[in-house]
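Trainee: The structure's right below; bear with me while I get my questions together.
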Amino acid sequence: MSFDPSTVTTKQLRNFGWLMAGLFLVIGLWPLVIHGTGLRSWSAVVAGLWGAMALAWPKGLMPVFRGWMWFAEKLGWFNTRVLLSVIYYVLLTPISLFMRMLGKKPLQCDFDPQKSSYRETKAVRTPDHVMKPF
């Protein structure tokens, strides 16, 4: 799916501006709140500019929004193909091989040709079981 700039609304641009203003405000306030040191004034100024643009002229944020969406598409492609593949093959595959060596089967999905059904019947509960769940 590709980004279509013709579908962008003023509300989306305004939300983008507020989001970026909030992000830069957090960056600016971080040393003050967490470490007790001075405010990052450059970040507070940038947050003010983003907020002013979001409030007064959200359409002016369109070039930055377009670049951000281009970056987001590239990052999404990278995440889905590269990072998730690495996580699967580096993390999940060794765990599954280790569990298989130990004989563990958490899903209990053994085939039994003698069974007519794999359905497990549950015990019937009384209607007042929801009155005191814990």
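The values are calculated or read from the model by the stated rules, or taken from the named source; none is laboratory data. Everything numeric here is computed off the predicted structure, so don't read it as measured data. With ideal geometry, Cβ positions are generated from the backbone for all residues, glycine too; neighbour counts draw on all protein chains shown. Side chains are part of the model used for accessible areas, which takes the heavy atoms of the whole protein and leaves out ligands, DNA and RNA. Shrake-Rupley method; radii C 1.70, N 1.55, O 1.52, S 1.80 Å.
Trainee: Which distance in nm do the two modelled labels at His35 and Leu91 give, with both placed 7 Å along the Cα-to-Cβ direction?
Mentor: Between His35 and Leu91, the label points sit 3.0 nm apart.
Trainee: Top to bottom by accessible area (1.4 Å), largest first, where do Asp4, Asp128 land?
Mentor: On the way: Asp4 70, Asp128 95 Å².
Solvent-accessible surface, decreasing: Asp128, Asp4.
Trainee: Ok, one more. Give me the number: length gained by fully extending Lys104 to Val45, i.e. 0.36 nm times residue separation minus the C-alpha to C-alpha distance, one decimal in nm. Could the numbers behind the result be given before it?
Mentor: Numbers: separation 59, 0.36 × 59 = 21.24 nm, distance 5.72 nm.
Result for the pair: 15.5 nm of gain on full extension.
Trainee: Below 8 Å between Cα atoms, with a sequence gap of 6+, how large is the relative contact order for segment 1-131 in percent?
Mentor: Result for segment 1-131 is 22 percent.
Trainee: Lys122: which lysines have alpha carbons under 29 Å from its alpha carbon, excluding same-chain residues fewer than 8 sequence positions away?
Mentor: Filter leaves Lys104, Lys105, Lys132.
Trainee: Straight-line reach only, C-alpha to C-alpha below 19 angstrom: list the lysines that Lys59 could link to, leaving out same-chain residues fewer than 8 apart.
Mentor: Lys59 reaches Lys11.
Trainee: Given 0.36 nm per residue, what is the gain on full extension from Ser116 to Leu19 after removing their alpha carbon distance, in nm?
Mentor: 29.2 nm
Trainee: Between Ile27 and Ala52, what's the calculated FRET efficiency when r is the beta-carbon distance and R0 is 22 Å? Round to 0.05. Intermediate values should be presented prior to the final figure.
Mentor: Numbers: r = 17 Å, r/R0 = 0.79.
Step by step, r from the Cβ atoms, then E = 0.80.
Trainee: Rounded to the nearest Å, what's the spacing between the alpha carbon centres of segment 55-75 and segment 111-127? Just the number, please.
Mentor: 55 Å
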